[in-house]
Amino acid sequence: MRLELQGITKRFGTFVANDSIDLVVEPGQIHCLLGENGAGKSTLMNCLYGLYQAEEGEILLDGVPQHFAGPGDAMAAGIGMVHQHFMLVPVFTVAENVMLGNEATKGIALDTKAARERVNEIAGNFNFHVDPDAVIEDLPVGVQQRVEIIKALARDAEILIFDEPTAVLTPQETDELMGIMDQLRKEGKAIVFITHKLREVREVADKITVIRRGKVVGEASPTSTDSELAEMMVGRAVQLTVDKGEPHYTSNALEVKDLVVTSADGQVLVDNISFTVRGGEIMTIAGVDGNGQTELANALLGLEPGVTGSITLNGKELLGKTPRQMLDEGIGFIPADRNEDGLVGAFTVAENLMLNRATGAPFVKGGVLQIPFRNEFAREKIEEFDVRTEGIDQPVNALSGGNAQKVIIAREMSKDLNLFVASQPTRGVDVGSIEFIHKRVVEARDSGIPVVVVSTELDEAVGLADQLMVMYRGGIVGIVPADTPRDVLGMMMAGIPPEQAAIAPVPVTEEGAQA
Amino acid sequence: MSTNEPLAISESQQMNLDTEPEGRWKGAFREMLAGGPGVAIGALILAFLVGSIMIAFTNAAVREAASYFFARPQDFFSALGSAMGGAYSSLIRGSIFNWEAPTFQRMISPLLLTLHNSGPLICAGLGVAVTFKAGLFNIGGRGQMLMAAVFAGWLAFGLPNLPVGIHLIVCILGGILGGALWGALAGFLNAKTGAHEVIATIMLNYVALYLLQYLLATPGLMQNPGSSNPITPATPMSAQLPRLFGRQFPLNAGFLIALLAVAFCWWLLNRSSLGFAFKAVGENKRAAKVAGINTDRMTITVFAISGALLALAGAMQVLGTVTTGFTDGIDGGIGFDGITVALLGGSQPVGVLFAGLLFGAFKAGGSMMQAGQMIPIEIVSVIQSLIVLFIAAPPLVRAIFHLPQPSQVAAAKKAAAKAAKAEAKAAAKKEVSA
């Protein structure tokens, strides 16, 4: 089925979210919609899916104009959407979720058997591995997403919209999703893929349309370089590699010795690791998600209960201190999950900027909040860190990912720091903000303090590193220089020690060397 | 780098930071309080509508006219009209202004009674509201009020020789201490042992009740000497809250204390660092932990403050409302009414003030309705319960059935649109300045 959007315009009050957008998606094609957060990609797709009504313009399927009053109409016309936040009932099984809203019945009884067969049939056709009787809440995120896809396919969708599908996935799950999308393309489905991740776009796209501030700014070919795409998206030249000078070491140091983190149920999460980060140096910790990196970072802030070993900062033992005491030692901390651990969503920007400083001067005097000071501080920091918000009183849950992250960074960097720890500092953040955040991390390092960055994005880990540590199953595989070949790093992430990885029969390609 | 085992570790460790995942019940409470004044007023209107239907059905004249409705419908409607009119006019005459009373003093006495009734209700509502703000639920108001009554009462009868004024202050402070300790105990059990605060507070209600019954039934403890009934001696004059408009009106200084408590809670929640921490814990416990807030200590502190506010309600009962000696019913159900007041007031101190006044009026007007119109006073309880039901029902129903929340989807969309707008604005500004 061929999808055509003609002159779609959608306004919210005086704000034009989509400005006369034209788009053609052919069957058997993956069409990427590329744009920064808030560029209007999702709004456009919501118009297509019947969630919004466009003020102007037309939607044509195989040349026939359509009028969707709601998602039901869009589904009936053959459009399926895989939302970023899954629309699944967590306590239902896969089969129950797939038939939800489209229930097959036998008399008055639900025909669960038919639903189960349908799931197996689709899963078989596309080589998915999904158990129809598994309960959704027990499934990993990547599999839940597959259920969403099956749901769309079960309703004979010919056009599939993927709204930022990789934002919630690990690198491996992303690779698997790419494979699935490729298969769907081969089956002749038309696919709209919304993203702001350049690597993914180049990997699967047949056609790329770039949207900026509600307008189509142009088309790009999948052979475009990252920097060309980024420039189209952001509207100016973007520095994709991290720009940093030689490290200037200071006498400060973070020393971790024989650190072991054990979970409440006795699992060893961080397994006896030791390393030293000098002042003026960035140590990045790479590895596949879930190999103990997050727990290590949490332990550095005193958030993990079962920790043994030693953590010394500038000669002072920190192990056993509470998070409050750690913060008072001058630790800046960016948690991996910013919405769960870094911000209070319902609080305003100004309140979040003082979240971990509500114990004393200058934000609190005699137990009383110093609100004029806080507001002044917040206004300054919004300006300094380029947080795009309607004002300091806007709740942070209304901010885009990149801007929310900037609020955390502004908070953590506007105090005297002795150590800076950042977990996944750019996860779910748009290209323009990534550049900014990397700059700030390098600034922290250049101020002479030790910096620890945890990142599952290998590009980022390599780009920021003065030293690079790879973790696997809670242990250190090796600590290597940043210019270690990519293939070696990849093998280290699978647990192969660097000495072996380096001599393994893997050709060192051009690409590996330049990354 | 494609291995599956590490993922298994990550799955089981996702909740590592927090031992107890945010339950759907807490989400439901937060949602109940997020409705704002619109929902509260809507619930009030619905409750009155249903209440009116019940009044109509309990009225003999209406029932009789209904039996020949199709023959003479006007009879039915006039009976209905006089039943409604009678009910609501007596409710107003009993709670605000009695235009049928012979003297001006007696005309305004219902309003003063309303204010008198609302003092303990406001304090109790504030106590519950503070815990709501911190994402907790104090259903132990009864126990905390009873412990306050024990402490305040014991100080009142036990130290009869203290000077006037000092005696009263000592009794109030003692009562606050009793309630605060009882509240803190529930908080301690929740924070240190993981006992659910709802269970802990309900059970502590019984502990307090049986403790008081024991004290009342044991000669030499709190039982009135020379009496075999489970009742305390009368509260001495020196420990009574002074009446504001003379002996003939029950309104006493307790109402002023309630107003001070409203101001204190507003300050606590909006201006103090402690309130900031409460709200951070209530909105996002994990982020609060990462921000260095000791969430266990906060739980205990919140419950102590909540218990102290409920204790004020308990002390007002002993030192103002029931001064002739009290029994184990001294709490008068106010500990539970406080939950309704907090819900109706949206957990905002000023909202709680108005909700407390409304409930005070219900209490005053309900008796008049019963006396004047033979309408059972239970109707008032029914209306109060319906208010809670209408405020709480939609989120509760969703929580019970694990249903997704439709408004969340809409809110997320709205937020996204807003963010996009802000972004575009900021970008435009930047362009202009550049």
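Between residues in region B:202-218 that are closer than 10 Å to B:Ile231 by Cα and residues that are exposed (fewer than 15 other Cβ atoms within 10 Å of the Cβ), which pairs lie under 6 Å by C-beta distance while being six or more apart or on different chains?
B:Leu215/B:Leu221
Working carefully through the options A:Glu281, A:Glu329, A:Glu340, A:Glu317, find the one that is buried (at least 23 other Cβ atoms within 10 Å of the Cβ) and not basic (Lys, Arg).
A:Glu281
Take the conditions free of Cβ contacts under 8 Å to residues at least 60 places away in the same chain, in contact with a strand residue (DSSP E or B) (Cβ under 6 Å, 6 or more places away or on another chain) and on the phi < 0 side of the Ramachandran plot and apply them to A:Ser310. Does it pass?
Judged against the criteria, A:Ser310 is a match.
Residues being outside any strand (DSSP E or B), of a type outside the set (A, V, I, L, M, F, W, C) and either more than 8 Å from chain B (Cβ to nearest Cβ) or farther than 23 Å from A:Leu254 by Cα (or both): count how many of those fall in region A:467-496.
Within region A:467-496, residues that are outside any strand (DSSP E or B), of a type outside the set (A, V, I, L, M, F, W, C) and either more than 8 Å from chain B (Cβ to nearest Cβ) or farther than 23 Å from A:Leu254 by Cα (or both) number 7.
Being at the interface with another protein chain (Cβ under 9 Å from one of its Cβ atoms), assigned to a loop (DSSP other than H, G, I, E, B), under 30 Å from the mean Cα position of the chain (by Cα) and of a type in the set (A, V, I, L, M, F, W, C) is the filter here, so list the residues in region A:335-376 that pass it.
Answer for region A:335-376, where residues must be at the interface with another protein chain (Cβ under 9 Å from one of its Cβ atoms), assigned to a loop (DSSP other than H, G, I, E, B), under 30 Å from the mean Cα position of the chain (by Cα) and of a type in the set (A, V, I, L, M, F, W, C): A:Leu343, A:Val344, A:Ala346, A:Phe347, A:Met354, A:Ala358.
Determine which member of the set B:Ser90, B:Ser118 is over 23 Å from the mean Cα position of the chain (by Cα) and over 24 Å from B:Asn224 (Cα atoms). Before you say what the answer is, go through the steps one by one.
Values: B:Ser118 fails: over 23 Å from the mean Cα position of the chain (by Cα).
It is B:Ser90.
Of all residues in region B:268-303 being aromatic (Phe, Trp, Tyr) and more than 8 Å from chain A (Cβ to nearest Cβ), which is nearest to A:Leu300 (Cα to Cα)?
B:Phe278
Just need a number here: residues in region A:428-460 that are in contact with a strand residue (DSSP E or B) (Cβ under 8 Å, 6 or more places away or on another chain) and either closer than 16 Å to A:Asp243 by Cβ or without any contact (Cβ under 8 Å) to a residue 24 or more places away in the chain (or both). Reasoning before the result, please.
First, pick out the residues of region A:428-460 that are in contact with a strand residue (DSSP E or B) (Cβ under 8 Å, 6 or more places away or on another chain): A:441-442, A:444-445, A:448-456, A:458, A:460.
Within this subset, residues satisfying the condition of being either closer than 16 Å to A:Asp243 by Cβ or without any contact (Cβ under 8 Å) to a residue 24 or more places away in the chain (or both) are A:441-442, A:444-445, A:451, A:453, A:460.
Result for region A:428-460: 7.
Please state which of the following conditions B:Ala149 fails to meet, knowing it meets all the rest: (1) over 27 Å from B:Leu353 (Cβ atoms); (2) crowded, with 21+ Cβ neighbours inside 10 Å.
Of the numbered conditions (1) over 27 Å from B:Leu353 (Cβ atoms); (2) crowded, with 21+ Cβ neighbours inside 10 Å, the odd one out for B:Ala149 is (1).
Tell me, which residue of region A:304-328 that is in a loop (DSSP other than H, G, I, E, B) and over 16 Å from A:Val256 (Cα atoms) is nearest to the other protein chains (Cβ to nearest Cβ)?
A:Thr322
Is it fair to say A:Ile208 is crowded, with 18+ Cβ neighbours inside 10 Å, touching a strand residue (DSSP E or B) at 6+ places or on another chain (Cβ under 7 Å) and part of a strand (DSSP E or B)?
Judged against the criteria, A:Ile208 is a match.
From the list B:Gly338, B:Gly320, B:Gly365, B:Gly325, which one is within 30 Å of B:Gln223 (Cα to Cα), more than 11 Å from the chain's Cα centre (by Cα), touching a residue at least 12 places away in the same chain (Cβ under 8 Å) and buried (at least 21 other Cβ atoms within 10 Å of the Cβ)?
Exactly one residue qualifies, and that residue is B:Gly320.
Between residues in region A:382-395 that are at the interface with chain B (Cβ under 9 Å from one of its Cβ atoms) and residues that are in a loop (DSSP other than H, G, I, E, B) and at pLDDT below 90, which pairs lie under 9 Å by C-beta distance while being six or more apart or on different chains?
Going by the 9 Å Cβ cut-off, the qualifying pairs are A:Val387/A:Leu399; A:Arg388/A:Gly38; A:Arg388/A:Leu399; A:Arg388/A:Ser400; A:Thr389/A:Leu399.
When you go through A:Arg379, A:Arg411 one by one, which is the residue that is surrounded by fewer than 22 Cβ atoms within 10 Å (Cβ to Cβ), within 14 Å of chain B (Cβ to nearest Cβ) and basic (Lys, Arg)?
Of the residues listed, the single one that is surrounded by fewer than 22 Cβ atoms within 10 Å (Cβ to Cβ), within 14 Å of chain B (Cβ to nearest Cβ) and basic (Lys, Arg) is A:Arg379.
Among (1) more than 19 Å from the chain's Cα centre (by Cα); (2) within 30 Å of A:Gly40 (Cα to Cα), where does A:Arg445 come up short?
A:Arg445 satisfies all of (1) more than 19 Å from the chain's Cα centre (by Cα); (2) within 30 Å of A:Gly40 (Cα to Cα) except (2).
Quick one: which of A:Ala74, A:Ala157, A:Ala152 is small (Gly, Ala, Ser), buried (at least 21 other Cβ atoms within 10 Å of the Cβ) and either in contact with a Lys or Arg (Cβ under 8 Å, 6 or more places away or on another chain) or in a strand (DSSP E or B) (or both)?
A:Ala157
Answer yes or no: is there a residue in region B:291-303 that is charged (D, E, K, R) and without any contact (Cβ under 8 Å) to a residue 12 or more places away in the chain.
No, every residue in region B:291-303 fails to be charged (D, E, K, R) and without any contact (Cβ under 8 Å) to a residue 12 or more places away in the chain.
Checking A:Tyr472 against (1) surrounded by 21 or more Cβ atoms within 10 Å (Cβ to Cβ); (2) within 23 Å of A:Met413 (Cα to Cα); (3) among the hydroxyl-bearing types (Ser, Thr, Tyr): exactly one of these is not met. Which one?
Result: A:Tyr472 fails condition (2) only.
Suppose we filter A:Val421, A:Val452 for residues that are under 30 Å from A:Glu164 (Cα atoms), at pLDDT 95 or above and away from chain B (no Cβ under 14 Å); which single one remains? Walk me through it before giving the result.
Numbers: A:Val421 fails: away from chain B (no Cβ under 14 Å).
Testing whether each residue is under 30 Å from A:Glu164 (Cα atoms), at pLDDT 95 or above and away from chain B (no Cβ under 14 Å) leaves just A:Val452.
Restricting attention to region A:43-68, report how many residues are without any contact (Cβ under 8 Å) to a residue 60 or more places away in the chain, out of contact with any Gly (no Cβ under 6 Å at 6 or more places or on another chain) and of a type in the set (Gly, Ala, Ser).
Total meeting the criteria: 1.
Could you tell me whether A:Thr174 is touching a Pro at 6+ places or on another chain (Cβ under 9 Å), free of Cβ contacts under 8 Å to residues at least 40 places away in the same chain and assigned to a helix (DSSP H, G or I)?
Taking the combined requirement at face value, the residue satisfies it.
Every residue in region A:281-303 that is more than 12 Å from chain B (Cβ to nearest Cβ) and touching a helix residue (DSSP H, G or I) at 6+ places or on another chain (Cβ under 6 Å), please.
Listed by number, the residues that qualify are A:Ile282, A:Thr284, A:Ile285.
Can you name the residue in region A:14-42 that is more than 23 Å from A:Gly188 (Cα to Cα) and without any contact (Cβ under 8 Å) to a residue 60 or more places away in the chain and is also farthest from the other protein chains (Cβ to nearest Cβ) among such residues?
A:Thr14
The values are calculated or read from the model by the stated rules, or taken from the named source; none is laboratory data. Values in this document were obtained by computation on a predicted structure and should not be read as measured data. Positions of Cβ are backbone-derived with ideal geometry, glycine not excepted, and every protein chain shown enters the neighbour counts.
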